[in-house]
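Data block below; observations after.
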Amino acid sequence: MNFTETDKKIIRALQSDFPICSEPYKVIAEDIGISQEELLQRLEDMKKEGILRKMGAVLRHVEVGFKANALVVWVVPPEKMDEVAAKMCAHSEVTHCYDRNTAPDWPYNFYTMIHMDSKESCIEFARELSKETGIDQYELQFTEREWKKTSMQYFME
Amino acid sequence: MELTAFDKQLLNILQGGVQFVPKPYEAMARQLGVSEDRVISRLQELKKDGFIRKVGAFFNSDKLGYSGTLVAAKIEPDYVEDVATKINEYPEITHNYQRSCGYVLWFTAITNNDERRNQILSEIRALPGVISLLDLYSQKKYKINVQFKLK
């Protein structure tokens with residue numbers, strides 16, 4: 001993957017806080033030393049190429065009312081995985097959905113992160129997902145403590 | 001502070017994405033039928049009051065030449081805090097959670113070469129109190145969309 005120095009400057013500038021002011025892109029473009037037009041065009045391109053997933057906000061979920069979240073780990077037969085994933089991903093409560101490798105004492109190969117207003121509703125929602133997909137071997141893991149949650153800083157070396 | 005109906009609409013739009021136009025907050029204001037000033041001042045307050053974790057760009061690490069993994073760690077109960085503190089020191093480790101199962105710490109590591117990733121994992125494996133690590137890499141990322149519909 002080859003990124004120009006300008007690309008790297010754009011990525012470095014945008015991974016920290018985006019200004020909340022009338023012309024935020026102008027502020028960033030001036031910092032980097034390019035024109036606002038060039039910055040906006042490059043961002044459009046990065047979005048199209050899938051390099052930029054989203055330009056927007058992530059909320060603090062507890063503060064906005066999603067007080068409980070759980071990692072639900074599932075055992076899904078590999079041949080059913082795409083179909084199960086499609087069903088689970090259709091729910092907005094499911095924010096992350098990945099396959100993962102297993103280990104001798106860890107049979108779970110499919111992971112979903114769910115966000116709800118309470119532990120009880122997490123349990124109930126996982127039960128519904130299980131019913132909908134026919135996958136009945138699963139476990140909920142609640143977050144007991146958040147030790148760290150940051151955004152990755154790319155191209156800092 | 002309680003979120004008003006206006007706040008929720010505003011946050012729903014902000015989570016969906018900031019447009020690539022010279023005045024993105026004015027574009028949001030038009031959608032909501034309010035002034036740009038109202039949008040900007042309210043967002044600044046919501047940010048200050050801790051409802052917004054981050055406004056900014058979220059990149060696809062794979063496309064930037066980085067790769068991430070999830071690691072689950074089994075740790076002696078008395079050592080969890082020490083190990084968690086050590087783990088937090090790595091800038092490549094962006095998330096670290098304590099969970100309610102046999103593997104008590106779950107963290108993500110994002111690196112742009114395997115050597116560095118192996119180095120981090122072997123350093124953590126060698127910490128006092130660490131019993132074992134599971135390196136749970138992913139081949140298929142079906143969904144990453146942290147968006148909360150506020151009603």
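Odds and ends about this structure:
- Any chance B:Leu150 is part of a loop (DSSP other than H, G, I, E, B), away from chain A (no Cβ under 11 Å) and not polar (S, T, N, Q): no
- Within the range A:116-157, the residues that satisfy the criterion of being free of Cβ contacts under 8 Å to residues at least 12 places away in the same chain, within 21 Å of the chain's Cα centre (by Cα) and within 30 Å of B:Leu64 (Cβ to Cβ) are A:Arg145, A:Glu146, A:Trp147, A:Lys148, A:Lys149, A:Thr150.
- Meets criteria (open to solvent by less than 20 Å² (accessible area, probe 1.4 Å), free of Cβ contacts under 8 Å to residues at least 40 places away in the same chain and farther than 16 Å from A:Lys47 by Cβ) for B:Leu10: yes
- Scan of the range B:77-92 for residues that are loosely packed, with under 15 Cβ neighbours inside 10 Å and outside any helix (DSSP H, G or I), ordered by number: B:Glu89, B:Pro91
Quick grid of which residues meet (1) assigned by TED's automatic domain parsing to the domain that holds A:Ser130; (2) under 18 Å from B:Gly16 (Cα atoms); (3) touching a His at 6+ places or on another chain (Cβ under 9 Å):
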| site | (1), (2), (3) |
| --- | --- |
| A:Arg60 | no, yes, no |
| A:Val73 | yes, no, no |
| A:Pro78 | yes, no, no |
| A:Glu83 | yes, no, no |
| A:Glu93 | yes, yes, yes |
| A:His96 | yes, yes, no |
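- So B:Tyr137, is it within 27 Å of A:Pro104 (Cβ to Cβ) and free of Cβ contacts under 8 Å to residues at least 40 places away in the same chain: no
- Restricting A:Lys48, A:Lys9 to those that are more than 7 Å from chain B (Cβ to nearest Cβ) and surrounded by fewer than 18 Cβ atoms within 10 Å (Cβ to Cβ) reduces the list to A:Lys48.
- The sole residue among B:Val34, B:Val39 that is within 30 Å of A:Gln153 (Cβ to Cβ), among the aliphatic types (A, V, I, L, M) and surrounded by 13 or more Cβ atoms within 10 Å (Cβ to Cβ) is B:Val39.
- Looking across the range B:63-76, the residues that are surrounded by fewer than 17 Cβ atoms within 10 Å (Cβ to Cβ) and in contact (Cβ under 8 Å) with a residue 12 or more places away in the chain come down to B:Gly65, B:Ser67, B:Lys74, B:Glu76.
The values are calculated or read from the model by the stated rules, or taken from the named source; none is laboratory data. Computed from a predicted structure; not experimentally measured. Using ideal geometry, Cβ is built from the backbone for each residue, glycine included, and neighbour counts are taken over all protein chains shown. These accessible areas exclude ligands, DNA and RNA; they are computed on the full protein's heavy atoms, side chains included. Shrake-Rupley method; radii C 1.70, N 1.55, O 1.52, S 1.80 Å.
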